[in-house]
Amino acid sequence: AGPLNQTGNSLDIAIKGDGWIAVQAEDGTEAYTRSGDLSIDVNGQLRTGGGLPVMGNGGPIVLPPAATVEVGADGTISVIPLGGEGLAQIDRIRLVNPDSNEIEKREDGLIHLKDGIAEPDFDANVRVEQGFLEGSNVNAVSSLTDILSLTRQYELQVKLMSQTEQLSQSTARLLQFS
């Protein structure tokens, strides 16, 4: 998990700890992502930033026209309908936490279940934070520093091998003349 960055957007959600958001992949199967930059399309369907439908209790989540959308810590979506009063619970984002041995990342950039593994149930332990997005768990500066350090170590090793080769050749010449 990466750090949580506050956005203030009510449709942005970040998973706290382990877990995944279920989405409908382009081939129609269920897949998983941690990308919580959600939006509502013109048909009211809840989608990820990449345009994939977000899965709920009975399939992709469709929201009615609403003045306000709230996402609870357990993924429950509630809205205040346009012209209406009071919060109405619409659906619940399918939050899952399959075993890491049962999943694999594929070319589409999503996490899929390995063949033959049944879809996991909702996981009540998976929690989300509304108004936040998860940042990268990679520190670019640290990674670049590590790469530079490894490059210098490699160059030093090559230089030492070259000097050892030269010493070996010098020793062989000295022994040849004796």
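Data for the structure
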quantity: Matching residues in the range 57-109 - criterion: being under 22 Å from the mean Cα position of the chain (by Cα), acidic (D, E) and over 18 Å from D12 (Cα atoms); calculated: D99, E102, E104, E107, D108
quantity: Selection from the range 41-56 of residues that are more than 20 Å from the chain's Cα centre (by Cα) and open to solvent by 30 Å² or more (accessible area, probe 1.4 Å); calculated: D41, V42, N43, Q45
quantity: Every residue from the range 104-123 that is open to solvent by less than 70 Å² (accessible area, probe 1.4 Å) and either closer than 28 Å to T7 by Cβ or not in a strand (DSSP E or B) (or both); calculated: G109, L110, I111, H112, I117, P120, F122, D123
quantity: Count of the range 16-40 residues which are surrounded by 13 or more Cβ atoms within 10 Å (Cβ to Cβ) and more than 19 Å from Q130 (Cα to Cα); calculated: 4
quantity: Complete set of residues in the range 130-150 that are among the polar types (S, T, N, Q), surrounded by 11 or more Cβ atoms within 10 Å (Cβ to Cβ) and part of a helix (DSSP H, G or I); calculated: T145
quantity: Among residues of the range 35-49, those that are under 29 Å from E102 (Cβ atoms) and modelled with pLDDT of 90 or more, counted; calculated: 6
quantity: I13 being open to solvent by 60 Å² or more (accessible area, probe 1.4 Å) and among the hydrophobic types (A, V, I, L, M, F, W, C); calculated: no
quantity: Single match in V71, V54 (criterion: closer than 23 Å to G17 by Cβ and in contact with a Lys or Arg (Cβ under 8 Å, 6 or more places away or on another chain)); calculated: V54
quantity: Subset of the range 114-128 (residues that are modelled with pLDDT of 85 or more and over 20 Å from G50 (Cα atoms)); calculated: K114, N125, V126, R127
quantity: Residue within the range 165-175 that is surrounded by fewer than 11 Cβ atoms within 10 Å (Cβ to Cβ), assigned to a loop (DSSP other than H, G, I, E, B) and not acidic (D, E) present; calculated: no
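The values are calculated or read from the model by the stated rules, or taken from the named source; none is laboratory data. Not measured: the values here are computed from a predicted model. Note that each Cβ is placed from the backbone with ideal geometry, even for glycine, and that neighbours are counted across all protein chains shown. Please note that ligands, DNA and RNA were not included when accessible areas were found on the heavy atoms of the full protein model with its side chains. Shrake-Rupley method; radii C 1.70, N 1.55, O 1.52, S 1.80 Å.
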